1. Mind checking which residues of the stretch 73-108 are within 24 Å of the chain's Cα centre (by Cα), loosely packed, with under 15 Cβ neighbours inside 10 Å and farther than 20 Å from residue 52 by Cα?
2. Give the residue, chosen from 42, 36, that is closer than 30 Å to residue 7 by Cβ, among the hydrophobic types (A, V, I, L, M, F, W, C) and under 12 Å from the mean Cα position of the chain (by Cα).
3. What number of residues in the stretch 57-95 are in contact (Cβ under 8 Å) with a residue 40 or more places away in the chain and either touching a Leu at 6+ places or on another chain (Cβ under 7 Å) or among the acidic types (Asp, Glu) (or both)?
4. Consider the stretch 104-154. How many of its residues are in a strand (DSSP E or B) and farther than 16 Å from residue 43 by Cβ?
5. Might you let me know whether the stretch 114-129 holds any residue that is in contact (Cβ under 8 Å) with a residue 40 or more places away in the chain and surrounded by fewer than 17 Cβ atoms within 10 Å (Cβ to Cβ)?
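No lab work stands behind these numbers, since they all come straight from the coordinates. Since this is a predicted model, take the numbers as computed values, not measurements. Cβ coordinates were reconstructed from backbone atoms using ideal geometry, including for glycine residues, and neighbour counts include every protein chain displayed.
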Amino acid sequence: MKESKWIDQIWSELQSTLQKLLTLDSFTLSLPCVVVKEDKAVIETNLSSLASHLNASAALSSPELTTFSDLASRHTYEEAFEILINGSEGEIFAERWDEAQKDIQNGCFCSIADVVRAIGTAREGFERKPRSLLVVVETKEGLEVLLVNSRCEL
């Protein structure tokens, strides 16, 4: 599909979902949102189903992997791994690491924490004037979390 035709199609779908959002009185997990998959498939869903459409990993949100990410931001990747694997909780870290690697091999590239942050963004969008729709776009680098409202023009 040509890029401009795809953009027109997605904009039409976003407007349709945005109209549904505008009719709602309160923020709930049944709020509509849109996921744009890496293959450009556009999926209208709701916040309670967001994690399943994004194939989110619970292991990537584990305290052990969060600690790893924090350490890796201050040390090299290898140093952070060595610190944790040789620490008092090394066995638990190794289990979570293996779970996360399996999830990644199965196509997960976001965590439950990423989904929770996206839901927080959806709440912000719901409270805006004009109200904004959560659109989550999968990319090779991860997730792009966007808010789109009726004033946007493509």
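1. Residues of the stretch 73-108 that are within 24 Å of the chain's Cα centre (by Cα), as a first pass: 73, 77, 93, 95-108.
So of that shortlist, the ones also loosely packed, with under 15 Cβ neighbours inside 10 Å come out as 73, 77, 95, 98, 101-102, 104-107.
Passing the criteria: 73, 77, 95, 98.
2. Numbers: 42 fails: under 12 Å from the mean Cα position of the chain (by Cα).
So the residue among 42, 36 that is closer than 30 Å to residue 7 by Cβ, among the hydrophobic types (A, V, I, L, M, F, W, C) and under 12 Å from the mean Cα position of the chain (by Cα) is 36.
3. Residues in the stretch 57-95 being in contact (Cβ under 8 Å) with a residue 40 or more places away in the chain and either touching a Leu at 6+ places or on another chain (Cβ under 7 Å) or among the acidic types (Asp, Glu) (or both): 1 in total.
4. Total meeting the criteria: 3.
5. yes
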